[in-house]
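Some notes on the structure that comes next.
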Amino acid sequence: MEAINFLDLIPVRAKENIREGWQIGFKVLRFKNRFWSWFFVHIGASEDYVVRLDRMGSEIWGYIDDKRTVREVLVRLELHHPGKEGLRDRLVEYLKRLKFHEFIDLKKEENIVRD
């Protein structure tokens, strides 16, 4: 099996987002269990909440266009933040978290990479 370089993968948006000015957010269900979801709606609570990305996370989200590789996103970040250290590590960790929470998928060429 061929080893895959993370920087060669293409992040693909898997969830609709909410834009508030520069900030990006996502609606997330509070509970996956239908009973608890029903219960909280009936007592007047919302069945979902909004996860908001920080400024860097929102900027990265803007570079995800389902075509650019992680490497290309990194180049754009480096152009907008010259001399800033740790961009590669932050980008990789951030994309792994987005993948874990199912906000993105990762693909190589025509194949989507799923865990």
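Here are a few things to note about the model shown:
- Residues in segment 11-35 that are outside any loop (DSSP other than H, G, I, E, B) and more than 30 Å from E85 (Cα to Cα): K27, V28, L29, R34, F35.
- The set of residues in segment 31-49 that are under 18 Å from F100 (Cβ atoms) and not hydroxyl-bearing (S, T, Y) contains only K32.
- Check on I18, at negative phi and either loosely packed, with under 13 Cβ neighbours inside 10 Å or in contact with a Lys or Arg (Cβ under 7 Å, 6 or more places away or on another chain) (or both): yes
- Scanning segment 29-76 for residues that are under 14 Å from I104 (Cα atoms) and touching a residue at least 40 places away in the same chain (Cβ under 8 Å) yields W61, I64, D66, K67, R68, T69, V70.
- Scoring W38 on the criteria (1) part of a loop (DSSP other than H, G, I, E, B); (2) exposed (fewer than 14 other Cβ atoms within 10 Å of the Cβ) leaves a single failure, condition (1).
- Residue list for segment 22-57, filter: closer than 25 Å to R90 by Cβ, touching a Lys or Arg at 6+ places or on another chain (Cβ under 7 Å) and of a type in the set (D, E, K, R): none
- Residue that is farthest from A14 (Cα to Cα), among those in segment 63-76 that are among the hydrophobic types (A, V, I, L, M, F, W, C) and either exposed (fewer than 12 other Cβ atoms within 10 Å of the Cβ) or at pLDDT 95 or above (or both): V75
- Some residue of segment 54-62 being hydroxyl-bearing (S, T, Y) and surrounded by 13 or more Cβ atoms within 10 Å (Cβ to Cβ): yes
The values are calculated or read from the model by the stated rules, or taken from the named source; none is laboratory data. This structure is a prediction, so every number in the text was calculated from the model and none was measured. Neighbour counts are summed over all protein chains in view; Cβ atoms, including those assigned to glycine, are modelled from backbone coordinates with ideal geometry.
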